[in-house]
Amino acid sequence: MLIMDSSDVVKRVADPKLKYVSFLSWCDQQPNPEFEQGGYARMTSTSANHATEWVRHVNGKEYVVTTDESYALTTSDTNGLPNQCKQQSFGRMIDISDEKNPKIVGTFEHDANKASVCPTLVAQGGNIPMVHYLNFDDRNNMRVAVYAAASGGIRFVDWTDPTSPKEVAYYVARRNTPSKMDFSRPDPRYDNENCLYYTGWNQGGLVSIELTNPQYNPCMSRTASVNGKVATALGDVTVSLQASRSGGAPTASLSVDGLGKKVLLNSVTRLGSAIDADGTQVTATKNSVQIDGVGTFNDQPAKFRIQVTDNGENKGFFSLTCTEGCSFSTSGYLQGGGKLAVANLKS
């Protein structure tokens, strides 16, 4: 990694020059012994550095995060090892708080490179996963790095401790032979209003991914409150809803009464962003919440989807759809005198 001073460019100096600041190489970085294979001195780092991104960490310091691409120097089958297993593809956290003395403080070592794993993956066919493309939960308050890991799908790594990265989730659509490779391609992107990650697959098009651990999904800590009459197409119904997360689990109480219909909610299966929003009255934005749950419709077992959009000043929209056990649905705006609110407790 070459660090250059671009002050001339920033100052619009005529005939600007980039001035050398420092250089860092990690070709001699030694990995965890668990990643050494074959009992010989093997190359320990790829020369094909790929993604290189600046971030400001949650600890307030500046870092550069990098990934390796592919297995650039593998040319022969030595000591019985497949070519792809002779060189690792890692991700690194580089401290640049002192630009003249950058240093690697943490290395993400993908399990695909382990001695016990890599030959098996080669035997199954297809490419060996690599960390490859890169993005983050928040570039200016970075905690999680998201790697599009080629045939390894999408990998989520918690860098809260810059010296000790931990993979916390992954998604692989399928594992195929090279001719049908399931291959994630571009940098993942983050929809911070709905806490969804999305990227492209060579064979699968656009894929959206939701992390189900509220520690990594602030949308799952939203709350919703509705109390009052809702004007529906068939007349007013009285709604009482309280939804939140308590002790890590989503909880909600709901009653909908009117028009000869009665809905009660007993348990919640999901609380988060409005991923099934209709895009009109209910929008997939930070002022909306969706609650999926199990309860009763006129005293008979049923499942429901509840959505609330807070338009401010208690003028929001409420929607309920029976997804199993009945065909009932109702929606409308809160009437005057009622209360409706959606809150984001974490950012």
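Worth a mention:
- Rounded to the nearest 20, the Cβ-based charge dipole of region 250-343 about its Cα centre (Lys and Arg +1, Asp and Glu -1) stands at 80 debye.
- Exposed-loop-free span, longest in the chain, where trypsin sites (Lys or Arg not before Pro) count as exposed if DSSP calls them loop and at most 14 other C-beta atoms lie within 10 Å: 175-314
- Identified option (computed Rg/Rh (Cα atoms, Kirkwood Rh); candidates (i) 1.02; (ii) 0.98; (iii) 1.10): (iii)
- Simple Cβ-charge dipole of region 130-280, Lys/Arg +1 and Asp/Glu -1, about Cα centre, in debye nearest 20: 300 debye
- This model, with +1 at the C-beta of Lys and Arg and -1 at the C-beta of Asp and Glu, gives the chain a dipole about its Cα centre of some 420 debye.
- Once the 1.4 Å probe is applied to the protein heavy atoms, the chain comes out at 48 Å² accessible per residue.
- All C-alpha pair distances within region 257-320, sorted into 10 Å bins from zero, spread as 22, 44, 31, 3 percent across the bins.
- If you plug the beta carbon distance of THR285 and ASP5 into 1/(1 + (r/R0)^6) with R0 = 30 Å, you get a FRET efficiency near 0.15.
- log₁₀ of I(q)/I(0) at q = 0.18, 0.29, 0.33 Å⁻¹ - region 121-169, Debye sum with one point per alpha carbon: -0.58, -1.06, -1.18
- For region 150-233, the spread of Cα positions along each principal axis, largest first, Å: 59, 42, 18
- Once Rg and the Kirkwood radius are both taken over the C-alpha atoms of region 206-347, their ratio Rg/Rh works out to 0.95.
- Spatially proximal lysines relative to LYS339 (Cα-Cα < 17 Å; intrachain offsets below 8 disregarded): LYS229, LYS315
- Selection from HIS50, CYS195, TYR133 lying farthest towards where the dipole of the chain points positive, charges on Cβ: CYS195
- Helical contribution to [θ] at 222 nm, DSSP H n ≥ 4, -39,500 (n - 2.57), averaged over the chain, rounded to 500: -500 deg cm²/dmol
- Using the Cβ-Cβ distance between ARG189 and LYS17 with R0 set to 35 Å, the FRET efficiency works out to roughly 0.50.
- Accessible surface of the chain [probe 1.4 Å, protein heavy atoms]: carbon and sulfur percent: 49 percent
The values are calculated or read from the model by the stated rules, or taken from the named source; none is laboratory data. No experiment lies behind these values; they were computed from the predicted model shown. Note that we place each Cβ from the backbone using ideal geometry, even for glycine, and neighbour counts take in every protein chain shown. In case anyone asks, the SASA skips ligands and DNA or RNA and just uses the protein heavy atoms, side chains included. Shrake-Rupley method; radii C 1.70, N 1.55, O 1.52, S 1.80 Å.
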